[in-house]
Amino acid sequence: NSMVRSSLPERDTACLHPDIEEAMLKWLKTRSSPAFLLIGSPGVGKTTLVYRVCKQAQYWIQEFNASHTRTGSSFRQTIMPLLIETGVSKWIHPETPNGRAILLDEMDGLSQGEKGGLQELLDYLKSKRNFSEDCPLILICNVLEGRIMQQLLKYCCVHYVSMPKREKLIEFFKKCSQTIKSIQHKNQTSF
């Protein structure tokens, strides 16, 4: 099913945005707002950050690309039941006892040719539910365009993600080159 990606392939990722990771871990514990929203240009590491943090917090991720949930009915039929029915999701993976987190990536896609999906999402966020009993809902977008997207801000814990700081990238690339060197060394010694 191309719509759902349940976890990135296992690999080590670097902590490139420590303050945002910390804020997200805190939000997963407290659920101080109905959803967590990351905004930033493509390629700054938003999706990777979400997978890193959820793994640390022992959640598994069910990821949807917003283009699949653009209509109001698809949001109602696909996403809502997953958010609200948390029970079974906790038994699926013993290493993620907190169950499922829902990630809606490329939220910008929801606002293009708006077909009710965003309004359904907003209605959910505005509802007086006890959100801490629902699955965590994480939203990612590149830009915030349109009236409904602007309204979403009120109901989300919002973080803007920019390119990682230079020293974080240097640290990351040093780690990468050390890994590559050790792999090359292993390959040389195995002949």
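Listed values, structure above:
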read-out	value
Anchor Lys154: aspartates and glutamates whose Cα lies under 15 Å away (excluding residues fewer than 8 positions away in-chain)	Asp123, Glu145
Note, ³J(HN,Hα) from phi for the stretch 150-164, Karplus 6.51, -1.76, 1.60, rounded to Hz, x at Gly and Pro	4, 5, 4, 3, 4, 9, 10, 7, 9, 9, 8, 10, 10, 4, x
Proximal charge balance of Leu82 [Cβ under 10 Å; K/R count +1, D/E count -1]	-1
All aspartates and glutamates inside 17 Å of Lys29 as judged from Cα atoms, apart from same-chain residues fewer than 8 positions distant	Asp19, Glu21, Glu133, Asp134
Counted charge near Met24, where neighbours are those whose Cβ lies closer than 13 Å (Asp, Glu -1; Lys, Arg +1)	+3
Listed residues Phe131, Phe64, Phe173 arranged by accessible area, highest first, probe 1.4 Å	Phe173, Phe131, Phe64
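The values are calculated or read from the model by the stated rules, or taken from the named source; none is laboratory data. Fair warning: this is a prediction, and the values are worked out from it, not measured in the lab. All Cβ positions, even for glycine, are placed from backbone atoms using ideal geometry, and neighbour counts span all protein chains on display. Remember, those area values only see protein heavy atoms, side chains included, never the ligands or the DNA or RNA. Shrake-Rupley method; radii C 1.70, N 1.55, O 1.52, S 1.80 Å.
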